[in-house]
Amino acid sequence: MKTIHVSIVTPSGSIFEADADHVNTRTTAGEIGIYPEHIPLIAPLEITMVEVSTASGIERLAVNSGFLEVQPDSVTIISQAAEKAESIDLARAQAAKRRAEERLTQKDVDVERAELALQRALNRIHVYQIQ
Ligand code: ATP
């Protein structure tokens with residue numbers, strides 16, 4: 001069976017490499033499922049989960065937006081931050097969620113920044129809990 005090589009790169013370097021059967025994630029244009037031989041594309045990613053299906057199971061990661069580049073034999077994700085489900089610190093994400101929710105109740109707050117922090121926290125909590 002053909003596979004597609006997946007690389008996830010952050011400022012700390014490559015945090016994930018695998019040969020996958022398929023990859024599911026969400027770009028700003030919506031959900032996308034990528035199989036080997038996919039047509040080339042580049043798309044911005046949401047703050048979302050990346051699900052990588054390999055012969056040994058499904059690996060889930062939280063990604064903090066970034067870009068997806070697809071070639072027929074490769075998927076590259078470049079993101080400011082990305083964590084494998086098992087590397088997510090749940091207590092930290094819950095604290096970030098509480099901080100962001102608290103900020104959103106205050107006046108004179110940068111609403112967009114607080115909403116993005118909330119999305120990152122909710123995404124991490126979701127990926128941790130679904131693993
Ligand atoms: P926090 O307020 O807790 O720092 P954040 O959403 O502002 O959260 P980011 O700027 O997205 O954090 O990430 C900064 C660094 O911390 C990245 O390397 C990211 O992988 C890591 N990180 C953030 N939150 C978590 C978490 N809950 N578990 C594991 N790593 C995390």
>> Every residue in segment 80-107 that is within 20 Å of GLU51 (Cβ to Cβ), of a type in the set (D, E, K, R) and within 6 Å of the ligand (Cβ to nearest atom), please.
In response: GLU83
> What tally of residues in segment 81-91 results from selecting those that are in contact (Cβ under 8 Å) with a residue 40 or more places away in the chain, surrounded by fewer than 16 Cβ atoms within 10 Å (Cβ to Cβ) and either in contact with a helix residue (DSSP H, G or I) (Cβ under 6 Å, 6 or more places away or on another chain) or closer than 17 Å to VAL6 by Cα (or both)?
Replying inline: 0
>> Among the residues that make up segment 123-130, is at least one of them free of Cβ contacts under 8 Å to residues at least 40 places away in the same chain and either in contact with a Phe, Trp or Tyr (Cβ under 6 Å, 6 or more places away or on another chain) or on the phi > 0 side of the Ramachandran plot (or both)?
In response: no
> Going by the conditions given, is ILE34 surrounded by 16 or more Cβ atoms within 10 Å (Cβ to Cβ), over 12 Å from the mean Cα position of the chain (by Cα) and either among the basic types (Lys, Arg) or over 21 Å from ALA114 (Cβ atoms) (or both)?
Replying inline: yes
> In segment 37-79, which residues are of a type outside the set (Ser, Thr, Tyr), touching an Asp or Glu at 6+ places or on another chain (Cβ under 7 Å) and within 16 Å of the ligand (Cβ to nearest atom)?
Replying inline: ARG60, LEU61, ALA62
>> Please pick out the residue among VAL75, VAL9, VAL70, VAL50 that is modelled with pLDDT of 95 or more, hydrophobic (A, V, I, L, M, F, W, C) and within 17 Å of GLN131 (Cα to Cα).
In response: VAL50
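The values are calculated or read from the model by the stated rules, or taken from the named source; none is laboratory data. The model shown is predicted, which means the values in this text are computed figures rather than measured ones. In this analysis, Cβ positions are derived from the backbone assuming ideal geometry, glycine residues included, and neighbour counts consider all displayed protein chains.
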